[in-house]
1. Cα centroid distance between segment 53-90 and segment 244-269, in Å?
2. For the chain, set up a GNM with springs between Cα atoms under 10 Å and report which of Glu66, Glu241, Glu411 has the largest fluctuation.
3. Leu277's amide H: which non-local residues (gap 5+, or another chain) put their own amide H closer than 5 Å, with H modeled 1.01 Å from N in plane and none for Pro or chain starts?
4. Using θ = phi - 60° and the Karplus curve 6.51 cos²θ - 1.76 cosθ + 1.60, what whole-Hz ³J(HN,Hα) does each residue of segment 370-381 get, with Gly and Pro shown as x?
5. How large is the charge dipole for the chain, taken about the Cα centre, if only the Cβ atoms of Lys, Arg (+1) and Asp, Glu (-1) carry charge, to the nearest 20 debye?
6. Lys223 accessible area, nearest 10 Å², 1.4 Å probe?
7. What ³J(HN,Hα) values, in whole Hz, does the Karplus curve 6.51 cos²θ - 1.76 cosθ + 1.60 give for segment 83-99 when θ = phi - 60°, with x put for Gly and Pro?
8. Keeping all protein chains in place and using 1.4 angstrom, which order do Arg150, Arg28, Arg358 fall into by accessible surface area, from largest down?
Amino acid sequence: MFVCGPTVYDVSHIGHGKSYVAYDIIARYLRKKGYSVFFVLNITDIDDKIINRAKESGEDPLKLSEGYAQAFYKDMKDLHVNSINVYAKASDYIPEIIDQVKELVGKGIGYKIAGGVYFDISKFPEYGKLSRQNLEQLTVHRVDPDPEKRNPGDFVLWKAHKPGEIAWDSPWGKGRPGWHIEDTAITLTHFGPTYDLHGGGTELIFPHHEAEIAQAEGLTGKKPLAKYWAHTGLLSIKGQEMHKSLGNFVPIQDAIQKSGVEALRVLYASTHYRSPLDYTEETLVQSASLARRFRRVHDLLQQLAGIKSDGTSVDPNLKRQVDEARIEFFVAMDDDFNTPRALAAYIRIVGIAEERGRSLSVASASVLFGTLKELSSILGLLETESVPKDGVEQLVSLLSSLRSELRAKREYALSDRIREQMQKAGVTVEDEAK
């Protein structure tokens, strides 16, 4: 399983989070179903945007991209995206990239001009098959056309060196890789000519994924490059794309600090991975409310299931309801990883627990708790400890007492701020109406 990762020239935002949480859920589910999944995600650490940002700041491009790559790894860890086996940085595959470009040139598919080495799309008649376009339609370019190119749609494999830019030695002189060949080098190195699943955002279908197919299949003569393609819908804010210039750029870390990891994962799971998501503060607040509801039920079931057996058996009606919801969860996930339907089944199980509450027998609570944990492990929910340990219990007790005093004095704003921070730390806080 290969997924196109970020170009690390800035911090990652919640749109990136949507995509990578989706693939994390897919990998978790495939493993749950018994598949052995080797998941590689690339890091584009050589790119025009990185070079331009490095020029602005006076930094070395690779040092700048490494700093943002480390921030991205932290984002993924904090989002509980733990299914990735290898983060593959493009700069680590320069020898493989050069070898592949040499082979493409040797086959007559690649050709050199002053601007670098290009891929001749006329030599690969199936170019456009993923996006269902024909060669005559393919006039869109990632960069301005070069008059020396054989065809307007030809794309760069190796860029000729420009003064002040990072470069490597090659048979065509100093230069650096084109964007598309980086991923082909990574996948052929780790998987060979054909692998199972390729993912990325819908905006990458053309030209990026088309170029990957053309490069790999043109090079190896084997097809398909990937048996399945899965593309994630983009995230927008109030109908607009996310840009710092518009003031609507929300870094992953800011969203985590504001609402917590589980709120974000609930938000992402509530939309099918292929569908776009229009983010608003209200949708995140609703997701945070659901996440707290899940946590309350988890803590209750954990407590009840840990009590010494009372000798009663599982309520057969409850078990039937739980089994039906569990089956619906798996049916939904088998249907193109339909997380909204799966989440609805998950909420049914939560509702069963809420309806019975503390009247649940130990055996029934254990059935509910086991099922909730099983399905949570697929969605990536309830993975942080909610029960404080050791000395932290004293701190929680102190904060709870402080909140009670503040509420008694009607200082609700400060009390609510403390509650929000406690909930982000995994402490369930419920206020009774006065």
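The values are calculated or read from the model by the stated rules, or taken from the named source; none is laboratory data. Just so you know, these numbers come straight off a predicted model, no measurement behind them. With ideal geometry, Cβ positions are generated from the backbone for all residues, glycine too; neighbour counts draw on all protein chains shown. Side chains are part of the model used for accessible areas, which takes the heavy atoms of the whole protein and leaves out ligands, DNA and RNA. Shrake-Rupley method; radii C 1.70, N 1.55, O 1.52, S 1.80 Å.
1. 18
2. In the Gaussian network model the winner is Glu411.
3. Answer set, sorted by chain and number: Leu234, Leu235, Ser236.
4. Using θ = phi - 60°, the values come out as x, 5, 4, 5, 4, 6, 4, 5, 7, 7, x, 10 Hz.
5. 660
6. So the heavy atoms of Lys223 present about 120 Å² to solvent.
7. After applying 6.51 cos²θ - 1.76 cosθ + 1.60, I find 8, 7, 7, 9, 9, 9, 7, 4, 5, 7, 10, 4, x, 5, 4, 4, 4 Hz.
8. Solvent-accessible surface, decreasing: Arg358, Arg150, Arg28.
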